[in-house]
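**Q** Okay, here's the structure, questions in a sec.
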Amino acid sequence: MDEIRGFGGEATAIAADVSDFEQVKAIANYTIEQYGRLDTWVHCAAVSLYATFEETKPEEFKRVIDVNLMGQVHGAMAALPHLKSEGRGALIHVSSVEARRGFPLQSAYAASKHGIDGFLEALRVELMHEKIPISVTNVMPASFNTPLFSKARTKLGVLPMGAPPIYDPSIVADAILYVAEHPTRDIAVGDAAKMMLLAQRLSPELMDTYLVNNGFKSQKTSAPKSEDAPDNLYEPISGFDRVKGEFTSQEQSVSYTDWLEMHPTVKGSALAGLALGAIALLGIPIFNDGELF
């Protein structure tokens, strides 16, 4: 909050458990009391569990769903009446690339993120049917260097990590700001996210094979971490009140496809250039008004 105020902005912090609808509703109501209206709601609270499905307890699976999926549902339910009263606005829900492609060792997390995608699709169409100009955006990041992994419950015997490449969290922040100002249906954040979603659309079996070969070892570090180590699955834990996690030395500070996504004019030219390059590599002649060039 101090950083926001240092830039001349206003900020108010309210602690809440997103799995409790009344607590989330209280945030929306307090916002109206403080600022008079609500025009953009960004929801990104999440917890994670690293374990095979067989090692996952029913109550653990349910807790991930309660926070990651029901928390997002509660956020939309709390914000929507206020957005409707304004007659406009934006609902921005941060899910994951796992909203479209589940990873091994994360069955509960993948299920929760797939659920977000489903409920947002239904909600979006309902608002379109009512002709209410509220944009509904699904933000789907790849792996980002946040404390999520260090706080996660793990049954792997080691500290988990996001599957590389790992990106600077500021890239997600930029994407959220962009979709708040430019209504967007879905946005995959990080070059790797776009590549994985493309591969999933083209051949789910290919992604299966890739994850069999890479999805297990790529999510494990060499640092020991026991199942009894503190985690935030049920309660907050101290020491992680920061933006970045443990992987700063590995993070990438740029996502080129994201930059193109947020610069549509340049994007068109770049895609045309890529298309011409692909055609040239294939040895296909290009004609313009009957002339070869």
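Rule-based calculations on the coordinates, nothing more; no lab input. All of these numbers come straight from a predicted model, not from anything done at the bench. Here Cβ is always computed from backbone atoms with ideal geometry, including for glycine, and neighbour counts include all displayed protein chains.
**Q** Using a Gaussian network model of the chain whose springs link C-alpha atoms within less than 10 Å, name the residue from R185, R242, R37 with the highest mean-square fluctuation.
**A** Comparing R185, R242, R37 in a Gaussian network model of the chain, the most mobile one is R242.
**Q** Moving on. Is the stretch 147-265 best put as rounded, prolate or oblate by its Cα gyration tensor, with a ≥ b ≥ c the root eigenvalues, rounded for a/c under 1.5, and otherwise prolate when a/b is larger than b/c, oblate when not?
**A** Numbers: a/c = 2.23, a/b = 1.35, b/c = 1.65.
Oblate is the answer for the stretch 147-265, as a/c is 1.5 or above yet b/c matches or exceeds a/b.
**Q** Just tell me which lysines come within less than 18 Å, Cα to Cα, of K194; anything on the same chain fewer than 8 places away is out.
**A** K113, K267
**Q** Sticking with this structure for a sec: Around E121, with a cut-off of 13 angstrom between Cβ atoms, what is the net charge of the other residues, counting Lys and Arg +1 and Asp and Glu -1? Don't skip to the answer; put the middle values down first.
**A** Details: positive: R100, R124, R185; negative: D117, E126, D186.
Charge balance near E121 sits at 0.
**Q** What is the chain by shape, rounded, prolate or oblate, if you read a ≥ b ≥ c off the alpha carbon gyration tensor as root eigenvalues and call it rounded for a/c under 1.5, prolate for a/b larger than b/c, and oblate otherwise?
**A** Details: a/c = 1.76, a/b = 1.17, b/c = 1.50.
Oblate, because a/c is 1.5 or more while a/b does not exceed b/c.
**Q** For n ≥ 4 DSSP H runs only, could you compute -39500 (n - 2.57) per run for the chain, divide by its residues and tell me the 222 nm figure to the nearest 500?
**A** Details: 11 runs with 130 residues, N = 293.
Calculated at 222 nm, the ellipticity per residue is -13500 deg cm²/dmol.
**Q** Right, next: If you add up the charges near S19, with Lys and Arg at +1 and Asp and Glu at -1, over every other residue whose beta carbon is less than 14 angstrom from its beta carbon, what do you get? Could the numbers behind the result be given before it?
**A** Details: positive: K25, K62, R63; negative: D17, D20, E22, E59, E60, D66, E235.
So the surrounding residues net to -4.
**Q** Of H82, H114, H263, which has the largest mean-square fluctuation in a 10 Å C-alpha GNM of the chain?
**A** H263
**Q** Mind checking which of V64, V179, V158 has the largest fluctuation in a GNM of the chain, springs on alpha carbons under 10 Å?
**A** V158
**Q** Among the lysines, select those whose C-alpha is under 19 Å from the C-alpha of K220, and discard any that sit fewer than 8 residues away in the same chain.
**A** K151, K155, K244
**Q** Straight distance only, please: which lysines reach the Cα of K84 with their own Cα at less than 21 Å, same-chain residues fewer than 8 apart left out?
**A** Within the straight-line limit of under 21 Å, K84 reaches these lysines: K25, K131.
**Q** Under a Cβ-Cβ cut-off of 10 Å, what is the net charge of the residues other than A110 that fall near it, where Lys and Arg count +1 and Asp and Glu count -1? Mind showing how you got there, number by number?
**A** Values: positive: R100, R101, K113; negative: E98.
Its environment carries a net charge of +2.
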